[in-house]
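The values are calculated or read from the model by the stated rules, or taken from the named source; none is laboratory data. Keep in mind that this is a model prediction, so the values were computed, not measured. With ideal geometry, Cβ positions are generated from the backbone for all residues, glycine too; neighbour counts draw on all protein chains shown. Each accessible area value is taken on the protein alone, full model and side chains, heavy atoms only, with ligands, DNA and RNA left out. Shrake-Rupley method; radii C 1.70, N 1.55, O 1.52, S 1.80 Å.
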Amino acid sequence: MDQIRLHFHPIRGKALAIVAAILQTEEVASVGKAYGVIRLVTEELVVNIVDYAYPKGGDDYLDVEIERDEEHITLCFRDGGVPFNPLGQPPPDISLPMEQRPIGGLGFFIVTKKMDSVTYEYTGGENVLTVMKKL
């Protein structure tokens, strides 16, 4: 099993650079047809962490652990920001016409639909969000 740990400072305006660094790892770049889903999910999660985890600044960090074997890829996102359980939020009402839907919530809904496993815990002062995709 291949494993890598990346450390970032989630500075606003730098989310896409963080996403690019994650996507360029050998573990992610070699997932074949799952690459598009991993890219979409990574963008959604990184942008949300960068934009919302640290509203007051401070010692901002985002650690991403990537584990990969022949059958799965798992990405674990850790940050010390404001505790937030995205799995505890109500799902968006996708039956409403686009113009009647409130802003937000759809991205994480897509994450839960595209990945085979999504878990969240707040432990040791960290948000720990883990996503897994079968390859």
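Before moving on, here are some points about what is shown:
- Yes/no for Glu71 being modelled with pLDDT of 95 or more and either over 17 Å from Arg39 (Cα atoms) or small (Gly, Ala, Ser) (or both): yes
- Candidate set from segment 52-67 (those that are open to solvent by 40 Å² or more (accessible area, probe 1.4 Å) and within 16 Å of the chain's Cα centre (by Cα)); member that is farthest from Val111 (Cα to Cα): Tyr61
- Cβ pairs under 6 Å, 6+ apart, first in segment 57-74 and in contact (Cβ under 8 Å) with a residue 24 or more places away in the chain and charged (D, E, K, R), second outside any strand (DSSP E or B) and surrounded by 12 or more Cβ atoms within 10 Å (Cβ to Cβ): Asp60/His9; Asp60/Pro10; Asp60/Tyr54; Arg68/Glu27; Glu71/Leu135
- Residues that are under 22 Å from Tyr61 (Cβ atoms) and open to solvent by 70 Å² or more (accessible area, probe 1.4 Å), drawn from segment 120-135: Glu121, Tyr122, Gly124
- A residue that is within 24 Å of Glu126 (Cα to Cα) and in a loop (DSSP other than H, G, I, E, B) occurs somewhere in segment 102-113.
- Segment 12-29 - residue that is farther than 16 Å from Val131 by Cα, part of a helix (DSSP H, G or I) and open to solvent by less than 30 Å² (accessible area, probe 1.4 Å) and, of those, modelled with the lowest pLDDT: Ala15
- Condition met for Pro83 (modelled with pLDDT of 95 or more, open to solvent by 50 Å² or more (accessible area, probe 1.4 Å) and assigned to a loop (DSSP other than H, G, I, E, B)): yes
- Taken over segment 30-50, residues that are open to solvent by 30 Å² or more (accessible area, probe 1.4 Å) and either part of a loop (DSSP other than H, G, I, E, B) or in contact with a Pro (Cβ under 9 Å, 6 or more places away or on another chain) (or both) amount to 2.
- Some residue of segment 124-133 being touching a Cys at 6+ places or on another chain (Cβ under 7 Å), modelled with pLDDT of 85 or more, in a strand (DSSP E or B) and closer than 22 Å to Val19 by Cβ: yes
- Any hit, segment 76-91, residues being under 24 Å from Lys33 (Cβ atoms) and in contact (Cβ under 8 Å) with a residue 60 or more places away in the chain: no
- Across segment 93-104, not a single residue is classified as closer than 15 Å to Val28 by Cα and open to solvent by 60 Å² or more (accessible area, probe 1.4 Å).
- Within segment 1-11, the residues that satisfy the criterion of being modelled with pLDDT under 95 and either open to solvent by 100 Å² or more (accessible area, probe 1.4 Å) or farther than 16 Å from Lys133 by Cα (or both) are Met1, Gln3, His9, Pro10, Ile11.
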